[in-house]
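The values are calculated or read from the model by the stated rules, or taken from the named source; none is laboratory data. Given the structure is predicted, the values throughout are model-derived calculations rather than measurements. As a convention, Cβ positions derive from the backbone with ideal geometry for all residues, glycine included, and neighbour counts pool all protein chains shown.
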Amino acid sequence: MSHRGARPARFFVATGAALALALAAAGCSGGGKKAEGKGTPPPPPSAQPESEANAAPGSLTLKSTTGLRKPVTYSDKVTVAISDIRYVKTKGQGPGEVAGKTLTIFTLRFTNGSAQPLDLNKVRVIARYAPKGAEASPTSYANINDFYGTVAAGKQRSASYAFDLPTTGYKSVVVGVSFDSKHKTALFAGSLHH
């Protein structure tokens, strides 16, 4: 289970902290693969370019109202933002994947402007859609990633979350991001369109 593409289907959202902590403690960066030489280990996730945080092949950009793009900044200068929103139609190639389903992918970015490391092991992302605020089902797609570990002061990290959010619900979308007990849930609300 150490390879990101082989993780279980998005049960991570519900059990994120425990699973991320367990994987980190088990050395999830290479335990399941044969050693590819005895050189230095790969760089930590914080070195990953934001453009690779959403590794969803074939996904297309969605436009959104400003409410979904406006960053939330806390008094300690920690900022949460939705940096990219994309969609993809599934092809039914992976285990349990249904062909023709539209998945909506939100790429989130944490910027740690505080003087302390920011723990991202308890990040939980929920998406709701109109008209009654139904909760979109989290789903696994391609090689997108989740938040885990810590972000050093002055650094940032991005990760993506895919949801089975029907296009009929795009007129009113709310994304909530919680990450610890010291910060209120960051809320983003607005509409999406192609």
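Here is how the numbers come out for the structure above:
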{"quantity": "Looking only at the range 47-57, and only at residues there that are surrounded by 11 or more Cβ atoms within 10 Å (Cβ to Cβ) and not in a helix (DSSP H, G or I), the one that is modelled with the lowest pLDDT", "calculated": "Q48"}
{"quantity": "The one condition in (1) in a strand (DSSP E or B); (2) out of contact with any helix residue (DSSP H, G or I) (no Cβ under 7 Å at 6 or more places or on another chain); (3) hydroxyl-bearing (S, T, Y) that S181 fails to fulfil", "calculated": "(1)"}
{"quantity": "Counted residues, the range 154-170 - those being part of a loop (DSSP other than H, G, I, E, B) and out of contact with any Leu (no Cβ under 8 Å at 6 or more places or on another chain)", "calculated": "3"}
{"quantity": "All positions within the range 87-96 that are hydroxyl-bearing (S, T, Y) and assigned to a loop (DSSP other than H, G, I, E, B)", "calculated": "T90"}
{"quantity": "Long-range neighbours under 8 Å by Cβ, at least six apart or interchain, first residue under 22 Å from L103 (Cβ atoms) and among the aromatic types (F, W, Y) within the range 172-194, second part of a loop (DSSP other than H, G, I, E, B) and modelled with pLDDT of 95 or more", "calculated": "F188/K70"}
{"quantity": "Residue within the range 127-134 that is among the aromatic types (F, W, Y) and at pLDDT below 95 present", "calculated": "no"}
{"quantity": "Residue selected from the range 95-127 under the condition β-branched (V, I, T) and buried (at least 16 other Cβ atoms within 10 Å of the Cβ), by the criterion farthest from H183 (Cα to Cα)", "calculated": "T104"}
{"quantity": "Residues (surrounded by fewer than 23 Cβ atoms within 10 Å (Cβ to Cβ) and within 13 Å of D119 (Cα to Cα)) located in the range 147-168", "calculated": "Y148, G149, T150, V151, A152, A153, K155, Q156"}
{"quantity": "Criterion: part of a loop (DSSP other than H, G, I, E, B) and under 12 Å from the mean Cα position of the chain (by Cα) - qualifying residue of D84, D146", "calculated": "D146"}
{"quantity": "Residue within the range 172-187 that is among the hydroxyl-bearing types (S, T, Y) and surrounded by 19 or more Cβ atoms within 10 Å (Cβ to Cβ) present", "calculated": "no"}
{"quantity": "Exclusive hit being more than 26 Å from Y74 (Cα to Cα), in contact with a Pro (Cβ under 7 Å, 6 or more places away or on another chain) and either at pLDDT below 95 or not polar (S, T, N, Q) (or both), set A152, A142", "calculated": "A142"}
{"quantity": "Hits in the range 71-94 (condition: farther than 19 Å from S160 by Cβ, surrounded by fewer than 19 Cβ atoms within 10 Å (Cβ to Cβ) and at pLDDT 95 or above)", "calculated": "T73, Y74, S75, D76, K77"}
